[in-house]
Amino acid sequence: MSQELNFFEAVQQRRSVRVFDQTDNFDGTIVQKCLEAAILSPNSSNLQLYQFVRVPEYSTLKDRLAQLCMGQKAATTARELVVVLTRRDRWKAHAKANFDFISASASGEGDKKVKLALRYYGKLVPMLYQKFPGWSFVKKLIAISQGMRKPMVREVSETAVRISVHKSAALASMTFMLGMKAAGYDTCPMEGFDSKRVKKLLNLPAGSEIAMIIACGKGLPEGIYGERFRVPTLELITVK
């Protein structure tokens, strides 16, 4: 294994690699280590509504999963595939876990910050994440009404909540991929897969969604398709 890289080296050297070395001694414990680092990533309301499903090369499901990734080389040559799920269906359990943690660690009943945090997880999070007919429309009306009098979060619809959950999964996924690069391995995040068949193959929960599937391994030079291109920095970074 190569010497670990610092953050900026890892960012510079990370590429989406589409062909992986089949002879390299792949260490699956590094995948686990990087995934454990990934769960430290920032996420909306600390709900961590995502899940990583590892499919290592010795799994009988790995080759079948690779074919459901449209048979692309990044999947078929990967030493391990990591399926990144969003788990909005776990919001109640994770909100309660946060509520219980804050309650247990509170230093005093009069702590204003603690009371606000408990109110957040006890009332505001349920208001945002619960589902029943017509509630999305009601939430939007509340946001519009409140927004007339004070600054107000406008992204409260069902679509907005779904996007927020996927953002958190993406943040954790990026941490994972940078960790893998820092440890000397390569990755390729893939969106080309048959989500319905993948869920059936892996027996994934009905309430989950697949955000991406990440191929892992030691990349080969031919796995990098050309020089890196980015549009000019001034188009992407502005200062007001």
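Express in whole angstrom the spacing between the alpha-carbon centres of region 165-218 and region 10-67. Comparing the Cα centres of region 165-218 and region 10-67, I get a distance of 7 Å. Once backbone amide H atoms are built at 1.01 Å from N, Thr187 has Arg15, Val17 as its partners under 5 Å, excluding neighbours fewer than 5 places away on the same chain.
Give the order of Met148, Met177, Met127 when sorted by the count of other beta carbons within 10 angstrom, beginning with the fewest.
Least crowded to most crowded, the residues run Met148, Met127, Met177.
Ignoring lysines fewer than eight residues from Lys115 along the same chain, the ones with Cα atoms less than 30 angstrom from its Cα are Lys92, Lys96, Lys123, Lys131, Lys139, Lys140, Lys150, Lys167.
Around Gly71, what is the net charge, scoring Lys/Arg as +1 and Asp/Glu as -1 over all other residues with Cβ under 14 Å from its Cβ?
Value of the local net charge: +3.
Here the gap between Trp135 and Thr60, fully extended at 0.36 nm per residue and compared with their Cα-Cα distance, gives a gain of 22.7 nm.
Based on the alpha carbons, how large is the Rg to Rh ratio for region 134-210 when Rh follows Kirkwood? Radius of gyration relative to Kirkwood radius: 1.15. Taking amide hydrogens as placed 1.01 Å from N in the peptide plane, the amide H of Met70 sits under 5 Å from those of Asp194, each at least 5 positions away in sequence or on another chain.
Close amide H pairs (under 5 Å, H built 1.01 Å from N) link Ile214 with Val82, Val83, Val84, Met190, residues at least 5 positions away or on another chain.
Which order results if Ser44, Ser164 are arranged by neighbouring Cβ count within 10 Å, fewest first?
So the ranking, lowest neighbour count to highest, is Ser44, Ser164.
Length available on full extension from Glu9 to Ala104: 0.36 nm per residue minus the Cα-Cα distance, which gives 30.1 nm.
A simple rule links phi to the HN-Hα coupling: the Karplus curve 6.51 cos²θ - 1.76 cosθ + 1.60 with θ = phi - 60°, which for region 214-222 gives 10, 7, 10, x, 9, x, 9, x, 6 Hz, with x for Gly and Pro.
The Kirkwood radius of region 90-160, taken over pairs of alpha-carbon atoms, gives through the Stokes-Einstein law at 20 °C and 1.002 mPa s a diffusion coefficient of 157 µm² s⁻¹. For Lys62, list the aspartates and glutamates whose Cα falls under 14 Å from its own Cα; do not include residues on the same chain fewer than 8 positions away. Cα-Cα hits under 14 Å: Glu80. With all pairs of different C-alpha atoms in the average, the Kirkwood value for the hydrodynamic radius of the chain is 20.2 Å.
Taking a cut-off of 26 Å, what percent of all Cα-Cα pairs in region 1-119 are separated by more than that?
So the portion of pairs separated by more than 26 Å is 43 percent.
Residues Asp27, Asp186, arranged from fewest to most other Cβ atoms within 10 angstrom of their Cβ, appear as Asp27, Asp186.
Looking at region 51-145, which GluC sites (Glu not before Pro) are DSSP coil and have at most 12 other C-beta atoms within 10 Å of their C-beta?
Passing sites in region 51-145 are Glu109.
None of the figures in this text is laboratory data; all of them are computed from the coordinates on show. As the structure is a computational prediction, the values presented were derived from the model and not from experiment. Every residue, glycine among them, receives a Cβ derived from its backbone with ideal geometry; neighbour counts consider all protein chains shown.
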